[in-house]
Amino acid sequence: MKRAMHVWCAACLLSLGLAADGGADSSRPAMLTSIRGSVEVIEKGASTWKKPGLMALLNTGDTLRTGQGAAATVVFFQDGHREKMCPQTVAEVHANALRPIGGKRVVVPRGGKEPALPTKAVIALQGGAKLRLGGAGLAGRPGAVGVRGLTELCLLSPLGSKLRSGRPTFAWTTVAGADAYRIVVKEPSGTVALERRLTQARLPYPSDLPALRPGVLYSWSVEALAGDQPVAQAGSRFGVLAPESLARLRQEETALRSVAEAEIGDTTGPILLSRLYQEYGLAGDAIQQLERAIALAPEEPSLHEELGELCRVVGWETAAQRHLQRAGELRAPSSARDGTQP
């Protein structure tokens, strides 16, 4: 059987403006994380108002406006605080704040009660987890590698370049015609840390083995077998988060989860959690949060684009193509989507 090697690597996650140096671009200090109703932006020096997408990066000097009954949320990277634009508000983007034009600005201290949304006002909610506009994200990190024939095998867990625990649960898709699977986990030296042959497509980390260690780049592969004949194979690499990184993640995660719980039905929480998980290499968690965001805003093309690229990182090519195709459909003119002539 002829088999082809397919290597999926991360495309640049442009919608999040990932940069290689890990620092924030001060000219783009904020991200638009929630849109309700009519929201428009005019870039500094431009003359035309445009409709922005979710996760749009805002430049210093850009101006936003909300229509009647509309609202928007902007998150600033410098300290992670959120600013809400009330209906019928016009505001200019500054380095770490929105400055209302012809309206008022209300600052709510950390833990303070948010006032009811008036009109022509910006509500600044202090407190939050500091975010990095740049950072390595998941671009360029180890992706899934599949060696496949007529069947397909996809890795399901772990996903991404990092794990929270040194005792993960391994999972993958079943393959038609396979009656067994061989899983192997190796250290860079070639030392085998784990090897099992089993009939199911899931393996909790064996309790009789020592935990996988932080600071080691492990490789793992799964081979689908028909008898002793391989019919499909997939593999990837990962490391385990160091204790200090895990502690930092939990602290930042708690802060962002409080945002998500306070803003049920709002895309801000899932978007920020997804961004956080990408920074830490936790692709599976990031995918779950983007799926939550899409459930809240299914017609938002930028969410489908982001999820499509992330699926491509982990080797889920079918899912990647589906979301990227959907993003293209949503970006097409309405006349093209419904088959009418302009």
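Listing for the model above:
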quantity: Sequence-separation-based contact order of the range 180-337, relative, with Cα cut under 8 Å and 6+ spacing, percent; calculated: 12
quantity: Counted charge near PRO298, where neighbours are those whose Cβ lies closer than 11 Å (Asp, Glu -1; Lys, Arg +1); calculated: -2
quantity: Cut-off 10 Å between beta-carbons: net charge of the residues surrounding GLN88, Lys and Arg +1, Asp and Glu -1; calculated: +2
quantity: GLU261, GLU40 arranged by Cβ crowding within 10 Å, fewest neighbours leading; calculated: GLU261, GLU40
quantity: Percent of C-alpha pairs per 5 Å bin, the range 18-123, short to long; calculated: 2, 13, 24, 27, 19, 9, 4, 2, 0
quantity: Simple label model, 7 Å out from Cα along Cβ direction - ARG182 to SER38, nm; calculated: 6.5
quantity: Footprinting exposure proxy for VAL175, VAL313, VAL39 (fewest neighbouring C-beta atoms within 10 Å first); calculated: VAL39, VAL175, VAL313
quantity: Fewest-first ranking of LEU324, LEU209, using other Cβ atoms within 10 Å as the exposure measure; calculated: LEU209, LEU324
quantity: Rg to Rh quotient for the range 145-240, alpha carbon positions, Kirkwood Rh; calculated: 0.95
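We did not get these values from a lab; they are worked out from the coordinates using the rules stated. Keep in mind that what you see is a predicted model, and the values were worked out from it rather than measured. Positions of Cβ are backbone-derived with ideal geometry, glycine not excepted, and every protein chain shown enters the neighbour counts.
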